[in-house]
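Throughout, read-outs are computed from the coordinates displayed, never taken from laboratory work. Small disclaimer: the values here were computed from a predicted structure and weren't measured. Backbone-built Cβ (ideal geometry, glycine too); neighbour counts: all protein chains shown.
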Amino acid sequence: MLIEIPHVLTPDAVRDARAQLDGTSWVDGRVTAGPQSAQVKDNEQLPEDHPVARALGRLIIESLQRHPLFMSAALPLRVFPPLFNRYGEGRSFGNHVDNAIRYAAGGSPLRTDLSLTLFLAEPNEYDGGELMVEDTYGVHAVKLPAGHAILYPSTSLHHVRPVTRGARVASFFWIQSMIRHDGDRALLFDLDAAIQRLAADTPEHPAVVSLTGVYHNLLRRWAEM
Ligand code: NI
């Protein structure tokens, strides 16, 4: 399931983030790649412990924790500290699957259930650079306004098409969900959305309470903490 998470950062926050990011020096992106993806990865990254990455990363995580759509779709248990990358002209990232387990500096290992890309460049700043994600329904091209994010299962094959003009700047990171399997998480997400709609239309209907009970009892049955 690919889910667009709009308005993670305000336009002001994006401008501020870009002012900081554009003034830093980037390193070869292969520092966080496994052996297979190192062969196809051609971009630049901020070092994980860079103070700008740390501060912007905290801002992004705080915004997501206040975002009802993200919380409902991801049911996050742990979030990897956000990383930042830049694809200048001619840069790309070939087809790969993200590593199953990630180790943040000083943190416990995280199982990558979900991958998130937060766009920090406007679509008119660059040509190409679409994130291409494969699922059972085909290949999806994703290119969103700055401040918006895409959430997709880390089990998906994906690549970033070559940038042919300008530069694509983004934040990317992984989430370990309380719900390991994408299908189970999608079921809870759909159920939650239906309950929200019902509660908005007919708040007094007794089915709202019953269905909310079903949601929580499924979550209790499936959640791993
Ligand atoms: Ni990837």
**Q.** Hz values of 3J(HN,Hα) by residue in segment 9-22 - Karplus curve (6.51, -1.76, 1.60), Gly and Pro given as x
**A.** 10, 6, x, 5, 5, 5, 4, 5, 4, 5, 4, 6, 5, 5
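By count of other Cβ within 10 Å, fewest leading, how are Met71, Met225 ordered?
Fewest-to-most ranking of Met71, Met225: Met225, Met71.
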Q: State, as an integer percentage, the relative contact order of the chain based on alpha-carbon contacts under 8 Å between residues 6 or more apart.
A: 24
Q.
Within a 10 angstrom radius of the beta carbon, how do Arg180, Arg78 rank from fewest other beta carbons to most?
A. Arg180, Arg78
Q.
What is the sum of charges, Lys and Arg at +1 and Asp and Glu at -1, for the other residues whose Cβ falls under 15 Å from the Cβ of Leu198?
A. -3
Q. If each of Ile61 and Ala193 carries a label point 7 Å out from its Cα toward its Cβ, how far apart are those two points in nm?
A. 2.8
Q: Provide Rg over Rh for segment 3-177; use the alpha carbon set for both Rg and the Kirkwood Rh (inverse mean inverse pair distance).
A: 0.92
Q: Using just the helices of the chain, give the 222 nm mean residue ellipticity in deg cm²/dmol: DSSP H runs with n ≥ 4 each add -39,500 (n - 2.57), and the total is spread over all residues, rounded to 500.
A: -10500 deg cm²/dmol
Q | Student exercise, segment 12-131 dipole from Lys, Arg, Asp, Glu Cβ charges, in Debye to nearest 20 | A | 520
Q. If R0 is 30 Å, what FRET efficiency do you get for Asp16 and Ala105 from their C-beta distance, rounded to 0.05?
A. 0.75
